[in-house]
């Protein structure tokens, strides 16, 4: 798994980087080693109620995407991880079901 982190309108501190890497490790069991995870952190200062932080995660080549907004990057990251985890889990379950159906078809044709 290859992780790339981009910060827009803000600075990427070591604390934020290590927190992101720790949270993304949860997703490793759903991904292949060749998958690439792109994470973008952005700070929106033009919001009516003040400053907001946005985190978006994009996983290629499968096309999974999730984003979330929060008062700070830690809150936004905590909100986005379950979203992307749910997408990855659903995709993995579909792949397993398809493999089992194909396996059953081959077993029926052999008998």
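Quick rundown of the values:
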{"read-out": "Region 2-110, relative contact order [Cα under 8 Å, separation at least 6], %", "value": "21 percent"}
{"read-out": "Choice from 34, 56, 43 with maximal GNM fluctuation in the chain (Cα, 10 Å cutoff)", "value": "34"}
{"read-out": "Degrees between helix 73-110 axis and first principal axis of the chain (Cα, 0 to 90, nearest 10)", "value": "10 degrees"}
{"read-out": "Distance in nm between pseudo-label sites at residue 98 and residue 40 (7 Å out along the Cβ direction from Cα)", "value": "2.8 nm"}
{"read-out": "Among beta bridges that DSSP assigns inside the chain, antiparallel share in %, nearest 5", "value": "70 percent"}
{"read-out": "Length added when fully stretched, residue 89-residue 15, from 0.36 nm per residue minus Cα-Cα", "value": "23.9 nm"}
{"read-out": "For the chain, built as a Gaussian network whose Cα springs stay under 10 Å, the top-fluctuating residue of 59, 96, 16", "value": "96"}
{"read-out": "Mean ellipticity per residue at 222 nm, deg cm²/dmol - from DSSP H runs of n ≥ 4 across the chain, formula -39500 (n - 2.57)", "value": "-15500 deg cm²/dmol"}
{"read-out": "Cα-derived Rg over Rh, computed across region 2-110 with Rh taken as Kirkwood radius", "value": "1.14"}
{"read-out": "Listed residues 32, 58, 100, most fluctuating in the chain (Gaussian network, C-alpha, under 10 Å)", "value": "100"}
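Read the figures in this text as sums done on the coordinates, not as results from a lab. All values reported here derive from a predicted model rather than from experimental measurement. Reconstructed Cβ throughout: ideal geometry from the backbone, glycine too, with neighbour counts over all protein chains shown.
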